[in-house]
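J.: Quick one: this structure, given as structure tokens, is what I'll be asking you about.
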Amino acid sequence: MDTKTLEKIGLTRNESIVYLTLLRLGTSKTGNILTKSELNSGKIYEILESLKVKGLVSESIINNIRLFTAAPPSQILKWINTKKEDVINDENIIKKEVPQLEKLRAEGIKEIKAVTYLGFKGLKTAVEEAFGSLKKRDEILGMGITSKKDKKFNDFWLKFGEERVKKKIKAKNLFSERSEFMKNYEKIKLTENRILEGITPVTVDIFGKDKVLILNYQEPTSCILIYNENTAASFRNFFYQMWKIAK
């Protein structure tokens, strides 16, 4: 087995090397472990202690000599299950605190007014942030929507459309060109689409009454989420002026 397999489940590289070395040696003294593993002697006891805590190595003393033995590989599964339980416990603790943390962030956002997000993951975070506060009768207005961007963005918006429908949020979209992406988007319920060529160089989405998301899909991908009711109202008025003349 390669050490990378054990590293993927959470062991360090040195822990992986020592565990695999002990599997091959059986019960062994630290000297033999060091010789076979070619590790620095100064760290061997620290590594063995960490593996003992994980339940992957046991220690015995015979004739005043410390000997170490690798636990059966099945013990790795038990250790992973223990980690799962710890993660679930941590998740439950954080879930209880999320409302208070969100409240603290909301107070800070009022002063910030705008937040910049970078990359695809950043864009998804911004959309989730803007969408999370919407209620049933709110709407999302999008303009400057184009299919001329990386496919992963189009796939994301199609999936987002399904989530929007579950929350019963209506959407109106101004596309910059007719495309396969637009055809697929038209299949989503609670959606109205029109075409207005070359409306903006970037995409602008108005979420409800007080959030505007400005998206730049060119590398480096970035977006700005603005928290301001007046700004949202201005973009909303502009959108409906464009909506009237769109096809």
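J.: Given the residues Glu180, Glu192, Glu186, which is the only one that is over 20 Å from Thr116 (Cα atoms), touching a Lys or Arg at 6+ places or on another chain (Cβ under 8 Å), without any contact (Cβ under 8 Å) to a residue 40 or more places away in the chain and not β-branched (Val, Ile, Thr)?
T.: Glu192
J.: Here are some residues: Lys4, Lys52, Lys84, Lys8. Which one is out of contact with any His (no Cβ under 9 Å at 6 or more places or on another chain), among the basic types (Lys, Arg) and surrounded by 14 or more Cβ atoms within 10 Å (Cβ to Cβ)?
T.: Lys52
J.: Could you please tell me which pairs satisfy a Cβ distance under 8 Å, a separation of 6+ or placement on different chains, a first residue in segment 132-145 that is of a type in the set (Asp, Glu), and a second residue that is not in a strand (DSSP E or B)?
T.: Asp138/Ile169; Asp138/Gly208; Asp138/Lys209; Glu139/Ile169; Glu139/Gly208
J.: Turning to a different aspect of this structure: Answer yes if at least one residue in segment 47-59 is within 21 Å of the chain's Cα centre (by Cα) and of a type in the set (Lys, Arg), and no otherwise.
T.: no
None of the figures in this text is laboratory data; all of them are computed from the coordinates on show. The structure presented is a predicted model; accordingly, all values stated were derived computationally and were not measured. Cβ coordinates were reconstructed from backbone atoms using ideal geometry, including for glycine residues, and neighbour counts include every protein chain displayed.
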